């Protein structure tokens with residue numbers, strides 16, 4: 001059986017719609033909760049797929065969250081070894097930092113459903129369905145990053161020039177949430193209530209309405225995108 005390990009930073013930001021895709025492909029899925037994980041003992045190099053999930057902290061917050069340093073070191077080792085690795089939101093930023101790039105506050109919160117603009121490389125990649133006119137994804141971040149050396153730039157928004165990148169066929173990093181589901185987001189509205197309340201123009205009601213409108217379409221596209229990337233990565 002193929003194995004997938006998901007590094008989770010908060011319990012409610014899980015694999016979402018990626019979970020069923022992996023199950024259909026015969027993966028056994030395990031979670032490691034980063035705040036309490038022993039990264040020196042974590043079997044993250046041998047697993048067939050490593051997924052690094054989101055969370056409401058900054059990559060640079062190592063003084064408050066010391067587990068970030070060994071987590072970044074683990075991701076760096078895996079990327080250097082060319083092992084299949086997928087990062088989402090904070091996971092994307094951790095991958096960028098592991099590759100030597102700067103991660104920093106963008107100066108604004110990008111929270112809500114909106115499209116991304118694909119680069120030419122993005123249009124030729126597994127993300128191609130996101131170029132369709134009605135395609136939107138969920139954004140939920142306040143940090144951004146510089147494109148790592150050697151990485152391929154795949155997507156942008158007006159607010160954030162770096163929204164996705166790949167490294168060879170083995171690594172994909174997404175600043176946005178391709179995995180989000182309407183049901184799963186109900187837990188986000190509780191877990192992120194303080195951030196929602198502190199962000200002008202963002203409300204639970206509006207987020208829920210948009211999720212009901214867009215989440216099903218995203219799930220369909222996400223299944224195809226994740227599947228195409230897994231195929232390309234040999235999984």
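Computed over the chain, the range of Cα coordinates on each principal axis works out to 42, 39, 32 Å, biggest value leading.
Taking the chain as a Gaussian network, where each spring joins two C-alpha atoms under 10 Å apart, which residue of 205, 82, 168 fluctuates the most? Maximum fluctuation in the GNM of the chain, among the listed residues, is at 205. Mean residue ellipticity at 222 nm, helices only, the chain: -10000 deg cm²/dmol; runs of at least 4 DSSP H residues each add -39,500 (n - 2.57), and the sum is divided by the number of residues. Considering only 71, 23, 132, give the residue with the highest GNM mean-square fluctuation for the chain, with springs between Cα atoms whenever their separation is below 10 Å. Among 71, 23, 132, the largest mean-square fluctuation in the Gaussian network model of the chain belongs to 132. The relative contact order of the chain, computed from alpha carbon pairs under 8 Å that lie at least 6 residues apart in sequence, is 20 percent.
Contact order for region 1-100, expressed relative to its length and based on alpha carbon pairs under 8 Å spaced 6+ residues apart, stands at 31 percent.
The stretch between residue 102 and residue 187, if pulled fully straight at 0.36 nm per residue, gains 27.6 nm over its current Cα-Cα span.
Choose one answer from 131, 34, 149: the residue with the largest mean-square fluctuation in a GNM of the chain with alpha-carbon springs under 10 Å. Of the options given, 149 has the highest mean-square fluctuation.
With the cut-off at 1.5 for a/c, could you classify region 1-135 from its C-alpha gyration tensor as rounded, prolate or oblate? Here region 1-135 falls in the oblate category. Once a ≥ b ≥ c are taken as the square roots of the eigenvalues of the Cα gyration tensor of region 158-235, is the result rounded (a/c under 1.5), prolate (a/b larger than b/c) or oblate (a/b not larger than b/c)? Prolate.
With neighbours defined as other Cβ atoms within 10 Å of a residue's Cβ, the residues 145, 104 order from fewest to most as 104, 145.
Region 35-52 and region 207-235 have Cα centres separated by 24 Å. With neighbours defined as other Cβ atoms within 10 Å of a residue's Cβ, the residues 89, 160 order from fewest to most as 160, 89. Approximating the spin labels as points 7 Å out from Cα along Cα→Cβ, the residue 203-to-residue 23 distance works out to 3.5 nm.
A simple spin-label model places pseudo-atoms 7 Å from Cα toward Cβ; at residue 228 and residue 149 they are separated by 3.1 nm. Beta bridges per DSSP, both residues in the chain: antiparallel share near 50 percent. A Förster distance of 35 Å, applied to the separation of the beta-carbon atoms of residue 161 and residue 41, puts the FRET efficiency at 0.40.
Gyration tensor over the Cα atoms of region 109-173: the corresponding equivalent ellipsoid has semi-axes (square roots of 5 times the eigenvalues, largest first) of 18, 16, 9 Å.
Listing 136, 59 from fewest to most neighbouring C-beta atoms within 10 Å gives 136, 59.
Readers should treat all values here as calculations from the given coordinates under stated rules, not as data from a laboratory. Small disclaimer: the values here were computed from a predicted structure and weren't measured. Note that we place each Cβ from the backbone using ideal geometry, even for glycine, and neighbour counts take in every protein chain shown.
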